[in-house]
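Asks: Structure below; questions to follow.
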Amino acid sequence: MQCPHLINEHFFNPKNVGNIAEAQAVATTGSLTCGATIRISLSVDEAQRITDAKFKSAGCSYLVAASSLLTEQVKGKTTAEAAVLGQSPTRSFIGQLGVWPMDRDHCAALACEALVAAVKQYSNSVREEWTGDEALICTCFGVSERTIENEIKTGRLLTIAEVTRACNAGAGCRSCYSLIEDILDTVNS
Ligand code: FES
């Protein structure tokens with residue numbers, strides 16, 4: 001199958017190939033369908049903005065092209081924005097590469113999966129290292145346990161989706177979902 005021009009460009013001159021030596025987030029994912037693997041590493045500043053993104057992949061030209069484009073796009077975004085991008089419909093970002101064969105959507109999805117996994121890993125590490133007075137639940141949006149409890153009580157919230165609408169918690173990488181669920185169970189029991 002002939003690759004469209006832009007896809008070829010990202011394949012033969014892929015951007016951001018490699019590993020970031022002192023990355024704040026690293027994740028590797030693999031496909032059971034085709035055996036491809038991809039590792040994404042991110043540098044994140046104190047404002048939770050991605051200052052660098054790199055990838056190493058063992059897969060086809062489509063995976064390389066999608067990873068090249070994706071790592072370009074996340075630079076300058078917050079980790080929450082990157083997670084939203086990684087969880088958006090795959091075609092919304094690979095459409096920029098021009099014609100993209102339907103049977104290669106899984107290549108772009110694998111790159112997105114690695115990105116979201118890296119953001120989750122970052123969020124978990126920030127949460128674990130948090131030393132503030134109130135427990136931090138959603139690191140993507142800086143939402144504390146107390147804020148979530150108050151929102152649940154005052155709004156009589158029952159679901160994670162309702163909590164997200166009320167205070168943004170859970171609107172990024174979703175690594176805080178199980179914690180929000182626990183708070184919902186405790187407050188509503
Ligand atoms: S920690 Fe990422 S959405 Fe809450």
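Asks: For residues in segment 140-169 being of a type in the set (A, V, I, L, M) and either in a helix (DSSP H, G or I) or within 15 Å of the ligand (Cβ to nearest atom) (or both), which is surrounded by the fewest Cβ atoms within 10 Å (Cβ to Cβ)?
Replies: ALA161
Asks: Only one residue in VAL17, VAL44 is under 30 Å from TRP130 (Cα atoms) and touching a strand residue (DSSP E or B) at 6+ places or on another chain (Cβ under 7 Å). Which one?
Replies: VAL44
Asks: Quick one: count up the residues across segment 115-139 that are surrounded by fewer than 24 Cβ atoms within 10 Å (Cβ to Cβ) and either among the hydrophobic types (A, V, I, L, M, F, W, C) or touching a strand residue (DSSP E or B) at 6+ places or on another chain (Cβ under 7 Å) (or both).
Replies: Of the residues in segment 115-139, 9 are surrounded by fewer than 24 Cβ atoms within 10 Å (Cβ to Cβ) and either among the hydrophobic types (A, V, I, L, M, F, W, C) or touching a strand residue (DSSP E or B) at 6+ places or on another chain (Cβ under 7 Å) (or both).
Asks: Would a scan of segment 111-121 turn up a residue that is farther than 30 Å from CYS34 by Cα, within 14 Å of the ligand (Cβ to nearest atom) and either assigned by TED's automatic domain parsing to the domain that holds ALA82 or hydroxyl-bearing (Ser, Thr, Tyr) (or both)?
Replies: No, that holds for no residue.
Asks: To continue, here is another question. Looking at segment 170-189, which of its residues are in a loop (DSSP other than H, G, I, E, B) and either touching a Cys at 6+ places or on another chain (Cβ under 8 Å) or at pLDDT 95 or above (or both)?
Replies: GLY170, ALA171, GLY172, CYS173, ARG174, SER175, CYS176, listed by residue number.
Asks: If you go through segment 70-104 one residue at a time, how many are surrounded by 22 or more Cβ atoms within 10 Å (Cβ to Cβ) and either within 16 Å of the ligand (Cβ to nearest atom) or under 15 Å from the mean Cα position of the chain (by Cα) (or both)?
Replies: The total comes to 7.
Asks: Looking at ASN16 and the list (1) in contact with a Cys (Cβ under 7 Å, 6 or more places away or on another chain); (2) touching a residue at least 40 places away in the same chain (Cβ under 8 Å), which single condition is not satisfied?
Replies: All conditions are met except number (1).
Asks: Could you check SER67 against (1) over 23 Å from GLY172 (Cα atoms); (2) touching a residue at least 24 places away in the same chain (Cβ under 8 Å); (3) surrounded by 14 or more Cβ atoms within 10 Å (Cβ to Cβ) and say which number it fails?
Replies: Result: SER67 fails condition (1) only.
Asks: May I ask you to list the residues in segment 31-47 that are closer than 16 Å to ALA108 by Cβ and at pLDDT below 95?
Replies: SER31, THR33, CYS34, ALA36
Asks: With respect to the numbered conditions (1) aromatic (Phe, Trp, Tyr); (2) at pLDDT 95 or above; (3) assigned by TED's automatic domain parsing to the domain that holds THR33, which one is the sole condition not fulfilled by TRP100?
Replies: So TRP100 meets the others, but not (2).
The values are calculated or read from the model by the stated rules, or taken from the named source; none is laboratory data. Everything quoted here is computed from the prediction, not taken from an experiment. Because the Cβ atoms are built from the backbone with ideal geometry, glycine has one as well, and the counts that use them run over all protein chains shown.
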